[in-house]
1. Would you please name the GluC sites (Glu not before Pro) within the range 47-145 that are DSSP coil residues with at most 11 other C-beta atoms within 10 Å of their C-beta?
2. Using alpha-carbon pairs under 8 Å, 6+ residues apart, how would you state the relative contact order of the chain in percent?
3. If you count only protein heavy atoms with a 1.4 Å probe, what accessible area per residue comes out for the chain, rounded to a whole Å²?
4. So, with +1 on the Cβ of K and R and -1 on the Cβ of D and E, and no other charges, what is the size of the charge dipole of the chain about its Cα centre, to the nearest 20 debye?
5. Got a sec? Charge dipole of the chain, +1 on Cβ for Lys and Arg, -1 for Asp and Glu; which of G229, N274, Y217 is way out at the positive end?
6. Using only the Cα atoms of the chain, what do you get for the radius of gyration and for Dmax, in Å?
7. How large is the charge dipole for the range 1-75, taken about the Cα centre, if only the Cβ atoms of Lys, Arg (+1) and Asp, Glu (-1) carry charge, to the nearest 20 debye?
8. Probe 1.4 Å, all protein chains in place: accessible area of S201 in Å², nearest 10?
Amino acid sequence: MLYGAVETGGTKIICGVIDETGELLDILRFPTDTPEYSVEKIAGFFSNHDICAIGIGSFGPVDINETSKTYGNILDTPKLQWRNYPFVERLKTKLNIPIIIDTDVNCACLGEVKFGAGQGLDNVIYITIGTGIGVGVVLNGKTLKGMLHPEGGHILLRRNSLDTYVGKCPYHKDCFEGLASGPAIAERVGRPAFELEEDDSAWDIEVDYIAQALSNYVLTYSPEKIILGGGVLEQLHLYPLIRNKVKEYLNGYIRTPQISNLDEYIVPAKLKGNQGLYGAYYLAKTIDKKG
């Protein structure tokens, strides 16, 4: 059997055809455009393959409640053309096959749990830091769904005493995304993060915010592993600094084997940018199993 996997992001959409063994047979990447154009591109790609189901990892907010009348709708996204767009319904109309949707970061977390750095674990957090900050959560082997879905990129943080930057987020200013996303770093220092030297003092502020957030996730979700991804976290020199700062913030309050070995607990993503696609693939396989 063949399965379709889709990852929709703020700047690009990735579609993949993956077989039962997990082999990626075909892939399509294109810039995120209007919803009508994007649906046509997705449907056109998959219509050339005999796929039995599609899993989608979508930017949000998005309705992921399968019992909801608006299941699969993009909600109050900053991407105005996509706001309240019935994404799953329109794609189903084009392809007439089962489709399941979750958030892009939930799918990325699921992909790492099933095929990457979180294999064998049931409780994992995935954080991506790039243009925005997203947090995917897998608890008891399933992606977390509640009133909506996790919006862990918008938790409020204690402002670093050396930081005078107002914050990028239009809603909260000094939330995690507002203070530590790629655009926030660029506005704070006047140049992109990838141009900073490893010893630049701007990283001290960034590490502080990341460690605050991770400490909060440890205390609230109690994950068995924390996996980090996204463009900012390709800076591998940050990992020892983040681990040390998390240890400092937890201050001995949590004493578990995982916390005693932070090198194995806070780790980079393993699937090299394909974690969202493979999480969507896994979701598509669950539809098939449901019959």
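The values are calculated or read from the model by the stated rules, or taken from the named source; none is laboratory data. Everything quoted here is computed from the prediction, not taken from an experiment. A quick note on method: Cβ atoms are made from the backbone with ideal geometry, for glycine too, and the neighbour counts reach across all protein chains shown. Side chains are part of the model used for accessible areas, which takes the heavy atoms of the whole protein and leaves out ligands, DNA and RNA. Shrake-Rupley method; radii C 1.70, N 1.55, O 1.52, S 1.80 Å.
1. When the GluC sites (Glu not before Pro) of the range 47-145 are filtered for loop state and at most 11 Cβ neighbours within 10 Å, E66 remain.
2. Relative contact order comes out at 21 percent.
3. For the chain, the solvent-accessible area averages 47 Å² per residue.
4. Computed about the Cα centre, the dipole is about 700 debye.
5. Toward the positive end, the furthest listed residue is Y217.
6. Gyration radius and largest Cα-Cα distance of the chain: 19.0, 57 Å.
7. In debye, rounded to 20, the range 1-75 gives about 280.
8. Number for this one is 80 Å².
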